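Comments concern the structure below.
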Amino acid sequence: MTGRPIISIAGVRLSFGGVAALDGVDLEVPEGQIVGIIGPNGAGKTTLFDCISGFRRPDSGSITLHGSPQGDVELTSRAPYERTALGIGRTFQNARLFKSMPIRDILRAVQHDRMKRSGFFRSVLGLGGSVLDEQEVTDRADEVLELVGLSAHGDKPAMELSTGMLRLCELAAVVAVRPRLLLLDEPSSGIAQKETEALGPLLRRLAEYLNATLLMIEHDMPLIMGISDTMIAMAGGRVITVGPPAEVREHPEVLTSYLGAKATA
Ligand SMILES: Nc1ncnc2c1ncn2[C@@H]1O[C@H](COP(=O)(O)OP(=O)(O)OP(=O)(O)O)[C@@H](O)[C@H]1O
Ligand SMILES: [Mg+2]
């Protein structure tokens, strides 16, 4: 842990129609940590990820990535592929995998795809390496399959995997492109309870393997409490509190917003 932020978010606002999904978010994400985001449904968590990854553009505010080969980079005007080239990786709610392709080939394809999309930008940035070595691509696919525990299934098409395995494959796909900031939106969704218990240690291993900062939205409290170094609580499009998990959980507004959310669920 270096104590310095990998990303700084300042005054970010985004409204859909009249609804403020993000209502002035200020946040610094510490580099090298596992950082958990909690909050009731509609708090703006996914929208915040959309703004970081470039899927959506905030109405106002800034999002600055630190420590890139270009130094500090203001992200809001950058295209998603540029952010990928700068080392930001994310998973989506539904795995967008080629269902008939063996999963080892999917993990090879994502590496080529990312390089192809970001090749021009990488050369502008002076990151080099716009051609991938086939052996390295295959080795990395195998390495990542092993990390997520899918080595025995590398030859199977995605459609033959269980939902839980598909989620693991989706994780493997984002890890294979080696982000330095990994955004995970509810990694436990679609995974059975007993598999969720193994997910915490797995996410830790992945963060260590990548030497990455992991920013993760999760509703499963034991999971997120167990692995987060720092936790962020959001509600109503704002950050309520940031701190060690045990303190954040006991924050009065966190207790209220969770109880409120449960009462209407
Ligand atoms: N495409 C959209 N069009 C209109 N409103 C949207 C859109 N996406 C999100 N919203 C609204 O923005 C707010 C924040 O939504 P967001 O999906 O970011 O919440 P969340 O914290 O991820 O919730 P959940 O825990 O349910 O995933 C909600 O009020 C939601 O209804
Ligand atoms: Mg969400």
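The values are calculated or read from the model by the stated rules, or taken from the named source; none is laboratory data. Nothing here was measured: the structure is a model prediction, and the numbers come from that model. Note: ideal-geometry Cβ built from the backbone for every residue, glycine included; neighbour counts use all protein chains shown. To get the accessible areas, we keep the full protein, side chains included, count just its heavy atoms, and leave off ligands, DNA and RNA. Shrake-Rupley method; radii C 1.70, N 1.55, O 1.52, S 1.80 Å.
Can you pull out the residues in segment 202-254 that are assigned to a helix (DSSP H, G or I), touching a residue at least 24 places away in the same chain (Cβ under 8 Å) and small (Gly, Ala, Ser)?
Within segment 202-254, Ala207, Gly226 qualify.
If Thr230 satisfies all but one of (1) within 23 Å of Gly67 (Cα to Cα); (2) polar (S, T, N, Q); (3) surrounded by fewer than 17 Cβ atoms within 10 Å (Cβ to Cβ), what's the number of the condition it fails?
Here Thr230 meets the rest and fails (3).
In segment 15-41, how many residues are within 8 Å of ligand 1 (Cβ to nearest atom) and free of Cβ contacts under 8 Å to residues at least 60 places away in the same chain?
The qualifying residues number 3.
Among the residues of segment 171-200, count how many are modelled with pLDDT of 90 or more and touching a Leu at 6+ places or on another chain (Cβ under 9 Å).
17
Please verify whether segment 6-18 includes one or more residues that are touching a Phe, Trp or Tyr at 6+ places or on another chain (Cβ under 9 Å) and at pLDDT 95 or above.
no
Answer yes or no as to whether Glu82 is without any contact (Cβ under 8 Å) to a residue 60 or more places away in the chain, loosely packed, with under 14 Cβ neighbours inside 10 Å and either hydrophobic (A, V, I, L, M, F, W, C) or away from ligand 2 (no atom under 16 Å from the Cβ) (or both).
no
Restricting attention to segment 185-201, does a residue exist that is assigned to a strand (DSSP E or B) and on the phi < 0 side of the Ramachandran plot?
Yes, the conditions are met somewhere in segment 185-201.
I'm trying to understand the selection: among the residues of segment 43-71, which are part of a strand (DSSP E or B) and exposed (fewer than 15 other Cβ atoms within 10 Å of the Cβ)?
Listed by number, the residues that qualify are Ser60, Ser62, Gly71.
Where residues in segment 160-184 are part of a loop (DSSP other than H, G, I, E, B) and over 18 Å from Asp50 (Cα atoms), which of them is most open to solvent (accessible area, probe 1.4 Å)?
Only one residue fits best here, namely Arg178.
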